[in-house]
Amino acid sequence: MVLVSAVRDYINRMLQDISGMKVLILDSHTVSIVSVAYSQSELLQKEVFLVELVDSISKSNESMSHLKAVFFLRPTSENIQHLRRQLASPRFGEYHLFVSNMLKDTQIHILADSDEQEVVQQVQEFYADFVAIDTYHFALNVPSNHIYMLPAVVDPSNLQHFCDRVVDGIAAIFLALKRRPIIRYQRTSDIAKRIAQETAKLMYQQESGLFDFRRTEISPLLLVVDRRDDPVTPLLNQWTYQAMVHELIGIQDNKVDLRNIGKLPQDQQEVVLSSEQDAFFKANMYENFGDIGMNIKQLVDEFQQIAKSNQNIQTIEDMAKFVDNYPEYRKMQGNVSKHVTLVTEMSKIVEERKLMLVSQTEQDLACNGGQVAAFEVFSKAVTNLLSNERISDIDRLRLVMLYALRYEKESPVQLMQLFNKLASQSPKYKPGLVQFLLKQAGVDKRTGDLYGNWDLLNIARNMARGLKGVENVYTQHQPLLFQTMESISKGRLKDVDYPFVGNHFQQGRPQEVVIFIVGGTTYEESRSVALLNASNSGIRFILGGSVVLNSKRFLKDLEEAQRIARSSPAVV
């Protein structure tokens with residue numbers, strides 16, 4: 001269990017050697033890092049009786065000298081100031097300080113000078129500076145994610161913060177894996193190039209000693225790419241379980257907020273969807289929606305059998321057995337109602353928004369639009385959906401965007417008609433957003449062969465897929481990332497499109513590859529990674545990004561970037 005295990009291991013090491021009652025103090029980033037890898041009950045088992053945020057603890061003066069304070073924070077200047085104030089008038093008996101990345105010498109001096117009462121027992125760097133969503137998928141939850149779409153001159157200081165956070169996160173991944181990678185990046189992206197170069201500078205110059213793991217085998221590969229190379233994947237509706245929950249309801253740090261859904265009992269208003277803690281979810285997270293319904297019915301049937309046997313309590317032994325099994329029974333009951341609630345709610349949304357109708361056209365635009373004059377057929381299909389009263393504004397916008405990305409060169413006339421239709425049908429639509437998307441991620445900006453139009457191999461592959469039949473019309477799309485991973489596996493990733501940083505080149509095929517998407521990943525992509533890893537191709541892929549996107553978040557970032565670009569004199 002690569003990433004999750006790495007974070008759990010760090011947290012175990014933080015907590016297990018400190019005996020007695022503890023308070024765990026986190027910041028707004030590390031609270032996500034810990035909550036995804038460790039449950040509340042596991043923290044209790046480690047004698048953690050209180051979890052606090054560092055900002056709120058700074059506001060209180062109440063003495064708690066009976067508790068040992070375990071701080072796990074990002075080494076930001078703001079957090080160092082929080083610690084300095086804490087150490088000036090200590091409230092806890094002992095202070096154990098852990099930071100999620102590299103401390104600067106100046107920061108260590110500040111902490112040493114502040115500890116006049118000698119309450120600090122240890123200061124350590126534990127490189128868990130990423131949110132380990134799944135075994136092979138991590139996110140950095142970077143604030144202001146839209147900044148990657150803007151030219152460097154618009155907001156240089158915020159862009160530098162963004163790059164620093166990404167470089168820190170990538171560095172932590174490789175320190176946790178104890179490897180130093182060969183680095184490549186997408187040629188057409190300035191931000192991917194900048195992050196790749198800054199990461200290389202950190203690993204090979206500034207902190208070369210820290211990254212010198214003296215390994216002789218083939219170095220792993222870090223590939224930095226730009227979300228705008230595949231703007232189609234985050235715009236599509238999803239039909240596999242994990243991706244669909246995020247698209248229709250939203251997942252944040254493996255938690256789903258259900259407070260807006262009817263009247264639910266208190267313990268069901270926020271539910272955890274983690275492959276580590278939920279066997280049913282682990283088995284079904286990549287299954288398609290049709291199969292999920294059947295599998296949940298099976299889960300409900302199993303639960304009803306157990307519930308029936310629990311009603312049949314006749315002897316004291318039966319009662320004792322029931323009491324022993326009760327926690328497991330309650331857990332199963334909670335799990336069953338969680339999955340039933342999610343699937344019921346998603347079915348309702350699919351019906352209300354007519355998503356099966358919408359999704360069929362989306363998938364056709366993404367996968368099957370290459371035939372001669374297909375743009376006319378699809379233009380009619382999209383126009384009909386725009387006129388349909390039952391289709392929501394966000395779905396109309398996504399359809400026009402998908403059409404524009406596919407046919408920006410072939411059908412300017414139809415495209416103009418669709419823009420006008422969209423503006424008249426969706427009053428909330430912000431003018432120029434589709435054009436802004438094309439400016440950001442149109443055909444002239446992209447490196448990859450997003451629609452498989454030009455490569456003979458792709459044409460042959462698509463024919464073969466057509467003959468075999470696709471598993472499901474709603475899940476026929478494959479993200480561009482899948483082709484990129486295939487190219488890496490076969491040693492065919494072109495140097496001209498994905499140059500190396502510095503004079504460090506790959507000798508032979510890498511066994512470990514970390515692909516980082518600046519601008520964010522999707523659960524459809526993490527599914528591709530997990531399925532490829534399960535096929536034992538001899539390469540282990542890990543996927544990371546600045547955030548995890550669904551279409552709502554991708555469009556929000558796009559709108560924010562457009563707003564700033566419009567008001568900035570630096571953008572032509």
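A few notes on this one:
- Count of region 61-89 residues which are in contact with a strand residue (DSSP E or B) (Cβ under 9 Å, 6 or more places away or on another chain) and either open to solvent by less than 40 Å² (accessible area, probe 1.4 Å) or modelled with pLDDT of 90 or more (or both): 16
- Among the conditions (1) without any contact (Cβ under 8 Å) to a residue 60 or more places away in the chain; (2) surrounded by 14 or more Cβ atoms within 10 Å (Cβ to Cβ); (3) closer than 22 Å to Phe130 by Cα, the only one that Asp55 does not satisfy is (2).
- Residue check for Tyr185: open to solvent by 20 Å² or more (accessible area, probe 1.4 Å) and at pLDDT 95 or above: yes
- Qualifying residue in region 224-241 (condition: touching a residue at least 60 places away in the same chain (Cβ under 8 Å), of a type in the set (A, V, I, L, M), under 20 Å from Val358 (Cα atoms) and open to solvent by 40 Å² or more (accessible area, probe 1.4 Å)): no
- Yes/no for Leu210 being of a type in the set (A, V, I, L, M), under 30 Å from Asp495 (Cα atoms) and open to solvent by 50 Å² or more (accessible area, probe 1.4 Å): yes
- Of residues in region 462-481 being assigned to a loop (DSSP other than H, G, I, E, B) and open to solvent by 60 Å² or more (accessible area, probe 1.4 Å), the one modelled with the highest pLDDT: Gln478
- Residue within region 104-124 that is in contact with a strand residue (DSSP E or B) (Cβ under 7 Å, 6 or more places away or on another chain), open to solvent by less than 40 Å² (accessible area, probe 1.4 Å), in a loop (DSSP other than H, G, I, E, B) and not charged (D, E, K, R) present: yes
- Residue ID - most open to solvent (accessible area, probe 1.4 Å), chosen from residues in region 380-405 that are modelled with pLDDT of 90 or more and of a type in the set (Lys, Arg): Arg390
- Residue count, region 266-284 (criterion: open to solvent by 10 Å² or more (accessible area, probe 1.4 Å), touching a helix residue (DSSP H, G or I) at 6+ places or on another chain (Cβ under 8 Å) and in a loop (DSSP other than H, G, I, E, B)): 2
- When residues of region 485-515 are limited to those that are over 21 Å from Lys178 (Cβ atoms) and open to solvent by 70 Å² or more (accessible area, probe 1.4 Å), the one farthest from the chain's Cα centre (by Cα): Asn503
- Scanning region 133-144 for residues that are at pLDDT 95 or above, in a helix (DSSP H, G or I) and not aromatic (Phe, Trp, Tyr) turns up nothing.
- Among the candidates Ala172, Ala196, residue that is in contact with an Asp or Glu (Cβ under 6 Å, 6 or more places away or on another chain), part of a helix (DSSP H, G or I) and open to solvent by less than 20 Å² (accessible area, probe 1.4 Å): Ala172
The values are calculated or read from the model by the stated rules, or taken from the named source; none is laboratory data. As the structure is a computational prediction, the values presented were derived from the model and not from experiment. Here the Cβ is made from the backbone with ideal geometry for all residues, glycine too, and neighbour counts use every protein chain on show. Keep in mind that these areas ignore ligands, DNA and RNA; they rest on the heavy atoms of the full protein, side chains included. Shrake-Rupley method; radii C 1.70, N 1.55, O 1.52, S 1.80 Å.
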